[in-house]
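Report on the structure given below.
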Amino acid sequence: MIKLAIPVLHVASSAAAEEFYGGKLGFRKHFSYRADDSKTDPCYMGFRRDEAFLHLSSFPGDGVAGCAVYLVVEDVDAIYREIMAKGLTIAQEPVDQTWGNRELYVEDADGNSIRFVQEKMEG
């Protein structure tokens, strides 16, 4: 039985990633690992917000920059207001897709696309 999938996104700078995911998107850092504590990078970090987990790594070979992650949310517009208040640049403002979902996209400094998706309500 598969219980959980956690994407690993490659980032160039752990400090920039921590500011983006923690400071702008509201994720909480749960852990970080550095092979050499005297250096900022490379670093492997785990973040969580509500029931969503993301791992970020600046280690060579971990993950690939430019990926997309879909985060299913209850209210895309509430997320939009929250991150706009923090001054985040939006890649795609909330839009009603032809397939019924309402979606909002942001990108980190490495081109990873974080896509907040409010799924179509049945009925």
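Which residue, of G123, G63, is on the phi > 0 side of the Ramachandran plot, buried (at least 17 other Cβ atoms within 10 Å of the Cβ) and at pLDDT below 95?
Criteria check complete, one pass: G63.
Please go through segment 22-40 and give me each residue that is surrounded by 15 or more Cβ atoms within 10 Å (Cβ to Cβ) and in contact with a Lys or Arg (Cβ under 8 Å, 6 or more places away or on another chain), ordered by number.
Scanning segment 22-40 gives G22, K24, L25, F27.
Quickly run through segment 87-97 and pick out the residues that are at pLDDT 95 or above and open to solvent by 60 Å² or more (accessible area, probe 1.4 Å).
A91, E93, D96
The values are calculated or read from the model by the stated rules, or taken from the named source; none is laboratory data. Since the model is a prediction, treat every value here as computed from it, not as a measurement. FYI the Cβ positions are ideal-geometry reconstructions off the backbone, even for glycines, and counts take in every protein chain you see. The area values use the complete protein model at the heavy-atom level, side chains included, leaving out ligands, DNA and RNA. Shrake-Rupley method; radii C 1.70, N 1.55, O 1.52, S 1.80 Å.
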